[in-house]
Amino acid sequence: MEFTPKCKGCIGLAIPANLVDMPVTQPPENVVRRFGIAHAEEFPVRLRLLALTAAALLGASCVTPSVPIPPPEPELMVFEANDEDGLASFSYDPQSGYGFAIVYVFNRDRGEGIITTARDDGSVGPTEPFPALIGEDLIITFETDEQIASRCITLADGRSGPQFECNL
């Protein structure tokens with residue numbers, strides 16, 4: 001018994017109704033034509049090779065989870081803020097794990113910020129000035145190849161600290 005699709009534009013390929021009844025050593029004729037299997041004996045060998053290749057690819061894609069990077073430390077952040085011109089810049093002391101990370105400094109109150117890249121030792125800046133006033137909330141984000149870590153800081157001039165943390 002065969003099933004043939006009954007829809008407009010469907011290709012009328014015959015699909016065996018019961019794949020269990022098909023002999024393993026004899027592939028269907030359309031498989032022989034499509035994949036160029038010259039001899040019926042090759043079918044189980046190619047099928048096994050295909051299965052082994054698929055299993056190897058799936059096994060290789062399993063990666064051990066990495067150790068999460070900590071959120072940026074407020075004590076390592078330094079801001080130069082000037083309310084007169086409404087601009088601030090950001091610096092971050094070296095921290096392992098942040099090397100070459102993409103760094104986002106986003107002023108949540110104004111909806112704008114800057115993007116820069118950390119040095120190989122994880123340090124940043126001083127960045128180009130960005131719009132910010134003392135007391136506005138900034139989201140500092142470090143993005144590595146595998147992870148993202150963020151911290152909310154209320155802007156103050158000079159070295160930051162835990163007293164300036166805000167809620168994400």
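Only the coordinates and a few stated rules stand behind these numbers; no lab work does. Remember, predicted model here, so these are calculated numbers, not experimental data. Ideal geometry is used to build each Cβ from the backbone, glycine not excepted, and the neighbour counts take in all protein chains shown.
For the range 120-129, check the following and say yes or no: at least one residue is under 21 Å from N167 (Cβ atoms) and touching a residue at least 12 places away in the same chain (Cβ under 8 Å).
no
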- Item | Residues of the range 81-101 satisfying the condition of being polar (S, T, N, Q) and closer than 19 Å to E112 by Cα | N82, S89, S91
- Per the filter on the range 146-168, residues touching a Cys at 6+ places or on another chain (Cβ under 6 Å) and surrounded by 13 or more Cβ atoms within 10 Å (Cβ to Cβ) are C152, T154, C166
- Just for the range 119-140: of the residues that are surrounded by fewer than 19 Cβ atoms within 10 Å (Cβ to Cβ) and among the small types (G, A, S), which one is nearest to the chain's Cα centre (by Cα)? S123
- Yes/no for F100 being under 16 Å from A149 (Cβ atoms) and surrounded by fewer than 19 Cβ atoms within 10 Å (Cβ to Cβ): yes
